[in-house]
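Here is the structure we will look at.
The values are calculated or read from the model by the stated rules, or taken from the named source; none is laboratory data. Remember, it's a predicted structure, so these values are computed and weren't measured experimentally. A quick note on method: Cβ atoms are made from the backbone with ideal geometry, for glycine too, and the neighbour counts reach across all protein chains shown. Accessible surface is based on the protein model in full, side chains and every heavy atom, while ligands, DNA and RNA are left aside. Shrake-Rupley method; radii C 1.70, N 1.55, O 1.52, S 1.80 Å.
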Amino acid sequence: MVPAPPPAPAAPAPPSAWQQAMNSAYTSPIPVKKTNLGHALASEWTKIKSVRSTVWTLSIFLVLVIGIGLLAVANTQADDYRDVPFTVPAFFGLMLGQICLITLGVLVTSSEYGTGMIRTTFTASPQRHRVLAAKALIFFVVAFIASAGSILLVGLMASGAHSGPEAGDIGWGGTVLKGGLYVSLLGVLALAVGSMLRHSAGAITTMLGVVLVPAILPGFLGIWESTQKLGEKMADYNAINSLAAVFQIDGPDSSSGTSQLVLLIVVTAAAVVGAFALLEKRDV
């Protein structure tokens, strides 16, 4: 008996309506590119230059550093710079101006959590670590340019007004770089704290405690002999005395502030690592 031939294959079904719609879907002529850190940097630069808090905070910072610095220049003589660099007048403005950079550093991250815009940011850039890295880099560059530039301007004004045989010849280029780096790192530390706490008032209060408490506490620790050494170390490494060391307030033979700057780098790096770790573990 001859076997029956196999059945002929069925004709393919005509495409459904939704398949036809998908085949004729609109294709954008704009090339789609994979996002990278450069896109995140451009986004964060647009944010930081667009909000009013940045303009006001940096303006107050410049007014404090340059204004107080020039006031100090006007009330000093050439022989006052015999043992100190010409950038010393900027130190008095930085004691207050650093609070502005700390506040701005906190607002760069915490303000988006307060308004809820952080959801939009993470939707556009799901790589959260890239967003935080872009925020930190943009803020650091802006803060360093503002701080180093204002210190440099005050130094140039002091040098132009009081240079001469009565003034010393102490180099002051290093104080511009170190001073700008120190206050900028304080701002990055504040940015990391703002990212971890996600609350502007709480993060600003925490950073004010970091700056002010070590400057006040040594007076109490010095009362007891067992805590005197701790008080002395705290006095040497608090923010105000660290800046004084950077600007060589005690003369050219004093500490140059390198150890204080290294400590701040270590603390800031640890805070940034903690901010990255918490950012990946938390929900928005």
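The table below lists the values:
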| item | result |
| --- | --- |
| 0 to 90° range, to nearest 10: angle between helix 128-162 axis and the chain longest Cα axis | 30 degrees |
| Cut-off 17 Å (backbone N to label point 7 Å along Cα→Cβ of residue 240), residues of region 175-191 | 183 |
| Apportionment of accessible area to carbon and sulfur, region 189-284, percent (1.4 Å) | 66 percent |
| Those lysines that a straight Cα-Cα span of less than 22 Å connects to residue 233, excepting residues fewer than 8 apart in one chain | 178 |
| Proximal lysines relative to residue 33, as straight alpha-carbon distance under 30 Å, when same-chain residues fewer than 8 apart are discounted | 47, 49, 135, 281 |
| C-alpha long axis of helix 258-281 to longest principal axis of the chain, angle in ° | 20 degrees |
| Mean Cβ neighbour count within 10 Å, used as a protection proxy, ranking 36-43, 142-149 highest first | 142-149, 36-43 |
| Shape call, region 37-281: gyration tensor on alpha carbons, a/c limit 1.5 | oblate |
| Carbon + sulfur, % of accessible area of region 93-171 - ligands and nucleic acids excluded, 1.4 Å | 69 percent |
| Cα gyration tensor category, rounded, prolate or oblate, for region 121-218 with a/c compared to 1.5 | oblate |
| Crossing angle, helix 228-237 versus the chain [Cα axis fit, 0-90 degrees, rounded to tens] | 70 degrees |
| Extension gain (nm, one decimal) between residue 163 and residue 212, 0.36 nm per residue minus Cα-Cα | 14.1 nm |
| Probe 1.4 Å, protein heavy atoms only - accessible area per residue of region 37-281 in square angstrom | 48 Å² |
